[in-house]
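Just below is one structure, and these are the notes that go with it.
We did not get these values from a lab; they are worked out from the coordinates using the rules stated. Keep in mind that what you see is a predicted model, and the values were worked out from it rather than measured. Glycine also receives a Cβ, built like all others from the backbone with ideal geometry; neighbour counts cover every protein chain displayed.
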């Protein structure tokens, strides 16, 4: 009997585009660069690189964050646009009320006929997923779209700071760690990232442990999943490999009744996307899949691509309540990357099982 491939099977078999280093970016007047007014140095990297090219009067869509952080690079971004004569569009993203932002985003892109470049370097993980799902919902899908990513030169906290926090938390159960962010405002579920799966199914939480241990705790407490799949992030630089095990120790993942544990690159999104597809292929027919994109930004890109095609996957996000000093979040810029998404438009049509 004829069997038509499911969309997850099509995605699995698709040749995933590779990230390429992008020291320079060719961008035309019909194109649009999406940037976020975050507080990290790398939030300015691509805009500074492209705006210095005379004669390229492309448009820039600046996404402003609420609640506002005084260290956000808002003034720097606006000044770069002004100096280069770039047309600046604007949209506001409220971290504590993010529902519906995908529609706002698409409305701002309505007049763009060229290529859309999304610089995720200064974006929150949930915002990355929302933008990718919105793009995937268009008739043209991911055609003429690229992800831009600036790798930071340094990723605090240091190993010494983390080891000290682990020691203090072991000696004092009430010790509160705040390494990058702490606390959880709420576990956010926005309608456009919800699931059509029956609520009666057993639930599987796919989680990316982070330095904010409150995130995994909040997910476990509020969602009470039946099963877990834990994805540990593996940094690309050898000097940062210690972070994977440190995060696992901080979150006590060894004490979880984890059915599955995986490790994927924090930079190469393809590893995470293949991992997610493997988990979905194994459990998607019998369990309701919840994904919390709290890993790296490129791991969040993988989650966004997956969700753009799989409507029965539910995205949940434990929104941090507080952040450390923005000046010590990440430092500098190491490499610039571009990821063209056009190839994913080949999988834009659902392929249901036909017996």
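State the antiparallel share, in %, of DSSP beta bridges confined to the chain, rounding to the nearest 5.
Values: 15 of 54 bridges.
Antiparallel bridges make up about 30 percent of those DSSP assigns within the chain.
Please compute the Kirkwood hydrodynamic radius over segment 66-151, one decimal place, Å, based on all pairs of different Cα atoms. Each step should come with its number before you reach the end.
Details: mean 1/r = 0.0697 Å⁻¹.
Computed over segment 66-151, the radius equals 14.3 Å.
Counting only helical runs of four or more DSSP H residues, what would the 222 nm mean residue ellipticity of the chain come to if each run contributes -39,500 (n - 2.57) and the total is spread over all its residues?
When only DSSP H runs of four or more count, the value is -9000 deg cm²/dmol.
For the chain, with a Gaussian network of springs between Cα atoms less than 10 Å apart, report the residue from 128, 27, 166 with the top mean-square fluctuation.
Fluctuation is largest for 166.
Neighbour counts of other C-beta atoms within 10 Å: give me 307, 168, 334 arranged from fewest to most. Could the numbers behind the result be given before it?
Working: 307 23, 168 12, 334 16.
Fewest-to-most Cβ neighbours within 10 Å comes out as 168, 334, 307.
Hey, if you drop one equal point scatterer on each alpha-carbon of segment 159-325 and run the Debye formula without solvent, what base-10 log of I(q)/I(0) do you get at q = 0.10, 0.16, 0.17 Å⁻¹?
Taken in order of the listed q values, log10 I(q)/I(0) reads -0.36, -0.93, -1.05.
Out of every Cα-Cα pair in segment 30-112, what percent are more than 17 Å apart?
In whole percent, the long-distance tail amounts to 46.
For residue 222, project a label point 7 Å along Cα to C-beta. Then give me every residue of segment 56-71 with its amide nitrogen under 17 Å of that point.
So the set is 67.
Note down the relative contact order for segment 159-325 as a percent, whole number, built from C-alpha pairs under 8 angstrom at least six residues apart.
On the way: 292 pairs, mean separation 56.4, N = 167.
Normalised by residue count, the contact order of segment 159-325 is 34 percent.
Residue 159 to residue 26: extension gain in nm, 0.36 nm per residue of separation minus the Cα-Cα distance?
On the way: separation 133, 0.36 × 133 = 47.88 nm, distance 3.84 nm.
Roughly 44.0 nm would be gained on extension.
Hey, any idea what Rg/Rh is for the chain, computing Rh the Kirkwood way over Cα pairs? Please report the intermediate quantities before stating the final value.
Values: Rg = 20.0 Å, Rh = 20.9 Å.
Result: Rg/Rh = 0.96.
With a 10 Å radius around each residue's Cβ, average the other Cβ atoms per peptide and rank 228-237, 15-24, highest first. Please report the intermediate quantities before stating the final value.
Numbers: 228-237: 19.4, 15-24: 13.4.
Descending packing order for the listed peptides: 228-237, 15-24.
Please list 290-303, 35-48, 245-258 highest first by mean number of surrounding beta-carbon atoms within 10 Å per residue. Display every interim value, and only then the final one.
On the way: 290-303: 26.3, 35-48: 22.9, 245-258: 14.5.
Result, highest mean Cβ count within 10 Å first: 290-303, 35-48, 245-258.
Could you check the simple spin-label distance between residue 245 and residue 78, using points 7 Å along Cα→Cβ, in nm with one decimal?
4.8 nm
Which value, in nm² and rounded to one decimal, describes the direction-averaged projected area of the C-alpha convex hull of segment 247-328? All intermediate terms of the calculation are to be shown ahead of the outcome.
On the way: hull surface 27.2 nm².
Its average projected convex-hull area is 6.8 nm².
With a ≥ b ≥ c taken as the square roots of the eigenvalues of the C-alpha gyration tensor of segment 1-139, please select rounded if a/c is under 1.5 and otherwise prolate if a/b is larger than b/c or oblate if it is not? Can you show the working numbers first?
Values: a/c = 1.99, a/b = 1.50, b/c = 1.33.
Cα axes put segment 1-139 in the prolate bin.
Take residue 321, project a point 7 Å from its Cα along the Cβ direction, then tell me which residues of segment 213-233 have their backbone nitrogen under 18 Å from it.
Counting only backbone N, you get 213-223.
Taking the Cα-to-Cβ direction at residue 254 and at residue 111 and moving 7 Å from each Cα, how far apart do the two end points lie in nm?
Taking the simple label geometry, residue 254 and residue 111 are separated by 5.9 nm.
Using a 10 Å cut-off on Cβ atoms, rank the peptides 259-270, 204-215 from the highest mean neighbour count down.
Details: 259-270: 18.6, 204-215: 23.7.
Ranked by mean Cβ neighbours within 10 Å, highest first: 204-215, 259-270.
Averaging sequence separations of C-alpha pairs under 8 Å and six or more residues apart, then dividing by the length of the chain, give the relative contact order as a whole percent.
Details: 726 pairs, mean separation 102.0, N = 355.
Normalised by residue count, the contact order of the chain is 29 percent.
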